[in-house]
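The values are calculated or read from the model by the stated rules, or taken from the named source; none is laboratory data. Computed from a predicted structure; not experimentally measured. So basically every Cβ, Gly included, is an ideal-geometry build from the backbone, and we count neighbours across all protein chains shown. Each accessible area value is taken on the protein alone, full model and side chains, heavy atoms only, with ligands, DNA and RNA left out. Shrake-Rupley method; radii C 1.70, N 1.55, O 1.52, S 1.80 Å.
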Amino acid sequence: MPFGRAYSPRMRVFHSPLHLLHEPPFEVFSGHPGPAWEVTARAEAIRAALAADPAFSLELPAEHGLEPARAVHDPGLLRFLEEAWPAWLAANERAEALMADTFPYPRSRAGTRRPPEPRAPGGRVGYWSFDTTSPITAGTWIAARAALDVALSATDAVLAGETATYGLCRPPGHHAGRTTFGGYCYLNNAAITAEHLLRAGAGRVGILDVDFHHGNGTQEIFWERGDVPYASLHGDPHRVYPYCSGHADETGEGAGAGATFNQPLPAGTDDAAYLVALDRALDWLAGRHDGILVVSLGIDTYGLDPICDFTLTAPVYGEVGRLVAATGARLVVLQEGGYHLPHLGENVRRWLRGAAGLGPDPAD
């Protein structure tokens, strides 16, 4: 591969304090309005755990501009996200967050053409979003841009020769599609990263998604492409969010036929069953990429996570990281979900220690 080799003795971790500007005050999930799960304390818990471990080197990201995002997302979506909060204020709205109350439905308009984008801020947000868990606040766009810089800085380090890097992305990204945001996600960090790698000459790039929830946005973006194989193991969408994607018979179309591999898993999935599913995903990815994997790392598979029904224990995360690294692929690991704050940082640290070849966590 035409890249240099500049290995670091410690795993390089990229993070940005700008995530603190995105503070969603609430969400509505399954009809229940309440406090948001995707809060600033998530990233702060992870950062603190990694900062305390000498195996990791924490760095701020470099700015990358919007061109990498434009390669993946509809320009209208990017324009809306950038303008949403100023337009909300200009309309003399005073709610603390912007959230949709109307979503375009194909049968609500004659014909099949997508309706024109509404002018009112409240209508525009429903035009570009797909759920009620992802309010926009004054700092959402800044934080989403910073998360993308985090992801791309981790990617550039792998292109320069690192074997594995970690991007502490917040907000997360894998639910954001080409024309939509939702599921706490505004820009699809993993998809943009994969496209960035392709354009840098990395060849085929695999994506492994281990978040509890299916990465519907990532799947949609690469659905008709064969150069970014996507493998996901997740809660069965018959019972869990995002409900409408992630079934085993979804395998891609056109040039992407056969380039998607979904493993919906049952409630109560434990460590042993999860590792079997992981082996299947890694076996499927083998030979379908050219040496680099992007990992959408969700720790919401943990048995104590409030929006998960698996039963994974803390020590298994080190083994998962080890097995992924044992494929020999270079890894760009990007943070997605994980909502049990007391153990989130330590479980991410376990996963990354496994991926860095550091052996079991001494705490285990």
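Data overview
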read-out: Given (1) out of contact with any Phe, Trp or Tyr (no Cβ under 6 Å at 6 or more places or on another chain); (2) open to solvent by less than 30 Å² (accessible area, probe 1.4 Å); (3) polar (S, T, N, Q), index of the condition Thr269 fails; value: (1)
read-out: Cβ pairs under 7 Å, 6+ apart, first in segment 231-259 and surrounded by 12 or more Cβ atoms within 10 Å (Cβ to Cβ), second in a loop (DSSP other than H, G, I, E, B) and among the aliphatic types (A, V, I, L, M); value: Leu233/Val210; Thr251/Ala257; Gly252/Ala259
read-out: Flag for His213 being of a type outside the set (Asp, Glu), more than 25 Å from Thr327 (Cα to Cα), assigned to a loop (DSSP other than H, G, I, E, B) and open to solvent by less than 50 Å² (accessible area, probe 1.4 Å); value: no
read-out: Residues that are open to solvent by 10 Å² or more (accessible area, probe 1.4 Å), closer than 19 Å to Gln219 by Cβ and not in a helix (DSSP H, G or I), drawn from segment 184-201; value: Tyr184
read-out: Residue in segment 321-330 that is under 28 Å from Pro35 (Cβ atoms), surrounded by 18 or more Cβ atoms within 10 Å (Cβ to Cβ) and not small (Gly, Ala, Ser) present; value: no
read-out: Test for Glu83: is it open to solvent by 40 Å² or more (accessible area, probe 1.4 Å), free of Cβ contacts under 8 Å to residues at least 40 places away in the same chain and either assigned to a helix (DSSP H, G or I) or of a type in the set (Phe, Trp, Tyr) (or both); value: yes
read-out: Number of positions in segment 279-319 that are open to solvent by less than 40 Å² (accessible area, probe 1.4 Å) and either over 18 Å from the mean Cα position of the chain (by Cα) or free of Cβ contacts under 8 Å to residues at least 24 places away in the same chain (or both); value: 11
read-out: Long-range neighbours under 6 Å by Cβ, at least six apart or interchain, first residue open to solvent by 10 Å² or more (accessible area, probe 1.4 Å) within segment 139-162, second acidic (Asp, Glu); value: Trp141/Glu82; Asp149/Glu63
read-out: Test for Gly226: is it assigned to a loop (DSSP other than H, G, I, E, B), without any contact (Cβ under 8 Å) to a residue 60 or more places away in the chain and either open to solvent by less than 10 Å² (accessible area, probe 1.4 Å) or more than 25 Å from His22 (Cα to Cα) (or both); value: yes
read-out: Pairs with Cβ under 9 Å, 6+ apart, first in segment 181-201 and touching a residue at least 12 places away in the same chain (Cβ under 8 Å) and more than 13 Å from Asp211 (Cβ to Cβ), second assigned to a helix (DSSP H, G or I) and basic (Lys, Arg); value: Leu187/Arg145
read-out: Some residue of segment 56-75 being part of a helix (DSSP H, G or I), in contact with a Gly (Cβ under 6 Å, 6 or more places away or on another chain), at pLDDT 95 or above and under 28 Å from Gly291 (Cβ atoms); value: no
read-out: Residue among Asp236, Asp300, Asp309 that is of a type in the set (D, E, K, R) and closer than 23 Å to Leu187 by Cβ; value: Asp300
